[in-house]
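To start, the structure under review is shown below, and the notes come after it.
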Amino acid sequence: MTPVEDNCNNVVFLIKEAHDVTEHKRREAELTRLNDQLTTSNRELEQFAYVASHDLQEPLRKITSYAQLLLEDAENLNPDARRDIDVVIDGAERLKVLVGDLLTFSRVTTLGRPLSLVDANECLQAALENLELTIQESNSVIKCDTFPAVVADAGQLTRLFQNLISNAIKYCDEARPTVHIGNRVVDSQVECFVKDNGLGIEPRYFDKVFEIFQRLHGRTAYSGTGIGLAICKRIVERFGGRIWVDSDGKSGTTFYFTLNMDSQGAQA
Ligand code: ADP
């Protein structure tokens with residue numbers, strides 16, 4: 001702005017301030033508009049995810065069960081037909097996982113149980129039991145610390161541990177994937193971590209990796225839907241915590257998340 005060459009500095013100042021305030025308001029309005037748009041499109045995505053995945057469940061069940069019925073008659077089928085049916089079943093199973101993940105993603109905030117003080121050790125054990133076969137088959141070494149009680153929904157905390165641990169095992173080319181699930185208490189929060197000796201994540205993907213459908217590693221080499229970490233983020237945020245990742249991008253990744261030890265900061 002060109003300075004006014006008189007003794008009315010205050011007026012000059014006022015004009016500049018008026019301009020700044022207008023600019024500030026314009027930006028605020030633009031940001032609000034963008035945020036509204038974002039909220040609307042997020043809500044739409046969520047509704048779409050829910051409706052599409054919910055309505056897909058029934059036809060998918062039919063495809064799998066009828067294909068399995070066909071296989072029961074395997075003796076009368078030639079090898080090509082049998083292979084084709086296997087392909088149909090495999091595709092339907094993968095779709096089922098995708099539909100299940102989409103449903104979980106869209107239901108985290110709406111269908112969660114009320115938050116209460118839960119035993120995080122039990123949730124961690126439940127997650128490890130669900131992953132028992134994966135742990136055995138991958139030859140993984142799992143180390144767990146003891147956790148204090150935290151404010152959470154036990155089912156969702158189990159899912160959170162399970163997603164992070166299964167990723168830690170999956171994205172690892174070592175003969176012995178090693179996963180350490182630990183924590184430290186900071187003020188009234190517990191900072192939890194899941195640390196692995198796997199492929200690592202490059203720093204430029206640290207934020208992106210929590211967005212839905214983001215996949216960094218080969219789609220054919222590693223099965224997945226790209227929804228797991230987006231679910232984790234939603235769960236942690238519902239609990240009133242924060243989730244982030246650290247890695248040197250080459251060897252090993254650590255996912256961190258905070259949980260409350262009392263009910264402050266958690267959403268209903
Ligand atoms: P996916 O179903 O593909 O595993 P996620 O949302 O769980 O989806 O993870 C998103 C992507 O982040 C994965 O495809 C993978 O590339 C990367 N990723 C997740 N966890 C790890 C990990 N522990 N180590 C290395 N890469 C990981």
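The values are calculated or read from the model by the stated rules, or taken from the named source; none is laboratory data. Fair warning: this is a prediction, and the values are worked out from it, not measured in the lab. Heavy atoms of the whole protein, side chains included, go into the accessibility calculation; ligands, DNA and RNA do not. Shrake-Rupley method; radii C 1.70, N 1.55, O 1.52, S 1.80 Å.
Per residue, the convex hull spanned by the alpha carbons of the range 126-201 comes to 90 Å³. Karplus-based coupling profile of the range 221-228, in residue order and whole Hz: 6, 10, 6, x, 10, x, 10, x, with θ = phi - 60° in 6.51 cos²θ - 1.76 cosθ + 1.60 and x standing for Gly or Pro. Remark: the range 241-249, residue by residue, has Karplus-estimated 3J(HN,Hα) of x, 9, 10, 7, 9, 9, 6, 8, x Hz, where x stands for each Gly or Pro and the curve is 6.51 cos²θ - 1.76 cosθ + 1.60 at θ = phi - 60°. Counting only heavy atoms of the protein chains and using a 1.4 Å probe, K96 has close to 80 Å² of accessible surface. Each principal axis of the range 110-268 carries a Cα extent, and these read 41, 30, 29 Å when sorted largest first.
Legend: residues Y66, Y222, sorted from most to least accessible area (1.4 Å probe; ligands, DNA and RNA excluded), read Y66, Y222.
Work out the P(r) tail for the range 47-171: percent of alpha carbon pairs separated by more than 23 Å, whole number. Result for the distance tail: 53 percent.
Rg over Rh for the range 175-234 works out to 1.01, both radii taken from alpha-carbon positions and Rh defined as the Kirkwood radius. In the context of the full protein assembly, F193 retains an accessible surface of approximately 40 Å², using a probe radius of 1.4 Å and ignoring ligands and nucleic acids.
Computed with a 1.4 Å probe over protein heavy atoms only, the accessible area of F210 comes to about 20 Å².
A straight chain from D80 to E93 at 0.36 nm per residue would run longer than the Cα-Cα distance by 2.7 nm.
Taking a probe of 1.4 Å, how large is the accessible area per residue of the range 114-219, in Å²?
Result: 51 Å² of accessible area for each residue.
Placing I212, I201 in order of accessible area, with the largest value first and a 1.4 Å probe, yields I212, I201. For the range 169-184, 3J(HN,Hα) computed residue by residue from phi via the Karplus equation (6.51, -1.76, 1.60; θ = phi - 60°) reads 7, 5, 8, 8, 9, 6, 5, 10, x, 10, 10, 10, 10, x, 6, 9 Hz, glycine and proline entered as x.
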